[in-house]
1. When segment 42-61 is examined, which residues are found to be in contact with a strand residue (DSSP E or B) (Cβ under 6 Å, 6 or more places away or on another chain) and assigned to a loop (DSSP other than H, G, I, E, B)?
2. On the given criteria, is Ser50 at pLDDT 95 or above, among the small types (Gly, Ala, Ser) and touching an Asp or Glu at 6+ places or on another chain (Cβ under 9 Å)?
3. Filter segment 5-30 down to the residues that are touching a residue at least 12 places away in the same chain (Cβ under 8 Å) and among the β-branched types (Val, Ile, Thr) and list them by number.
4. Restricting the first residue to segment 31-55 and requiring it to be at negative phi and in contact (Cβ under 8 Å) with a residue 40 or more places away in the chain, which pairs with a second residue that is surrounded by fewer than 11 Cβ atoms within 10 Å (Cβ to Cβ) and assigned to a strand (DSSP E or B) meet a Cβ separation below 9 Å and a spacing of at least six or different chains?
5. Please find, within segment 20-41, the residue that is nearest to Arg58 (Cα to Cα) out of those that are part of a helix (DSSP H, G or I), of a type in the set (A, V, I, L, M) and in contact with a helix residue (DSSP H, G or I) (Cβ under 7 Å, 6 or more places away or on another chain).
Amino acid sequence: MSGRTITRAQLSEAVYQEVGLSRNESAELLELVLTQVSDALARGETVKISSFGTFSIRQKGQRIGRNPKTGEEVPILPRKVLVFRPSQVLKNRINEKRKPDMAS
């Protein structure tokens, strides 16, 4: 794993390069998309991006946890968590085997 992180600026630059909008328009488009996705998730809706994956919110109930340092039991309050389920297309792309280089 490379440990590399893609930033908003890099995504915006990619939109600029691929779509041909101005840099400002590309940044605004990216922000609009991210805002729409986060607003939908905040409302409890599921966001499905075809050939990429599905984002959804899952409710986790209260449970008893343990402080690893002291061993003391502590309650973990109910909360909502974000879940991402990748599409089969994305899974296949990630797990694609590289073909051996013919020049080797």
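The values are calculated or read from the model by the stated rules, or taken from the named source; none is laboratory data. Keep in mind it's a predicted model, so treat the numbers as computed, not measured. Methodologically, a virtual Cβ is constructed for each residue, glycine included, from the backbone with ideal geometry; neighbour enumeration extends over all protein chains shown.
1. If the condition is that a residue be in contact with a strand residue (DSSP E or B) (Cβ under 6 Å, 6 or more places away or on another chain) and assigned to a loop (DSSP other than H, G, I, E, B), then Gly44, Thr46 are the ones that fit.
2. It is false that Ser50 is at pLDDT 95 or above, among the small types (Gly, Ala, Ser) and touching an Asp or Glu at 6+ places or on another chain (Cβ under 9 Å).
3. Of everything in segment 5-30, just one residue is touching a residue at least 12 places away in the same chain (Cβ under 8 Å) and among the β-branched types (Val, Ile, Thr), namely Val15.
4. Correct list of pairs: Leu41/Leu82.
5. Among those residues, the one meeting the criterion is Leu30.
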